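Only one structure is covered here, and it is reproduced in the block below.
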Amino acid sequence: MKHIFQKGQDPKAPTLLLLHGTGGTEHDLINIGKMISPNSSLLGVRGNVLENGMPRFFRRLAEGVFDEEDLVLRTEELQQFIDKSAEEYQFDRHNVMAIGYSNGANIAGSLLFHYKDSLKAAILFHPMVPRRGIELPALSGTSVFIGAGKNDPLCPAQESIDLMELLQNAGAQVQIHWENHGHQLTRSEVEKAAEWSLSKF
């Protein structure tokens, strides 16, 4: 997977897995990662799927309708990529925090839904429920921050609430923060995520 790695100053800080939204690149969330955890190593990844020339992490059948078969395949691909990157760049595989926006938040959520201990923590900006009707792995010890929009046209508020409840039912500690700026990623929610991260690590 096309990516960028920047080694951080604090080896004990979580390595940040940065996952862009539709049409983004591995560089999109670098500055946001630095805002949230300034001393962390950063691993920015570009999605391997193209939709009308725009990179994504998995295919969709329509707006808000995921190709679940491709989602499962791409989630496994990303999980294996993190494993290999931990060896290559020598970071602690058990101390990885994902930061994802939109499509990137959905693939990060899918990691949590499918792989036990895939992430120590996750910051999900404007996510949806990746899959319904499956049993989640035990997520006790996993912390999740959800940044959501009360008036998000692409991601209904109920999606964020459902995601929070599914994660909590699996044992995760979840905090949700609401904004009123549609699907836009705002500085204020990034700052809230940084405060949350500081309280956790």
Of residues in the range 171-183 being open to solvent by 80 Å² or more (accessible area, probe 1.4 Å) and under 16 Å from the mean Cα position of the chain (by Cα), the one farthest from residue 102 (Cα to Cα): 173
Mind checking which pairs have a first residue in the range 47-68 that is at positive phi and a second that is open to solvent by 50 Å² or more (accessible area, probe 1.4 Å), Cβ under 9 Å, 6 or more apart or different chains? 64/154; 64/156
State all residues of the range 56-77 that are out of contact with any Phe, Trp or Tyr (no Cβ under 7 Å at 6 or more places or on another chain) and under 30 Å from residue 11 (Cβ atoms); if no residue qualifies, say none. 57, 75, 76, 77
Return the residues of the range 103-130 that are within 18 Å of residue 149 (Cα to Cα) and assigned to a loop (DSSP other than H, G, I, E, B); say none if nothing qualifies. 126, 127, 128, 129, 130
Per the filter on the range 131-163, residues touching a Leu at 6+ places or on another chain (Cβ under 7 Å), among the aliphatic types (A, V, I, L, M) and part of a loop (DSSP other than H, G, I, E, B) are 136, 139
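The values are calculated or read from the model by the stated rules, or taken from the named source; none is laboratory data. Keep in mind the model is a prediction, meaning the values are calculated, not measured. Quick reminder, even Gly has a Cβ in these numbers, built from the backbone with ideal geometry, and neighbours come from all protein chains shown. These accessible areas exclude ligands, DNA and RNA; they are computed on the full protein's heavy atoms, side chains included. Shrake-Rupley method; radii C 1.70, N 1.55, O 1.52, S 1.80 Å.
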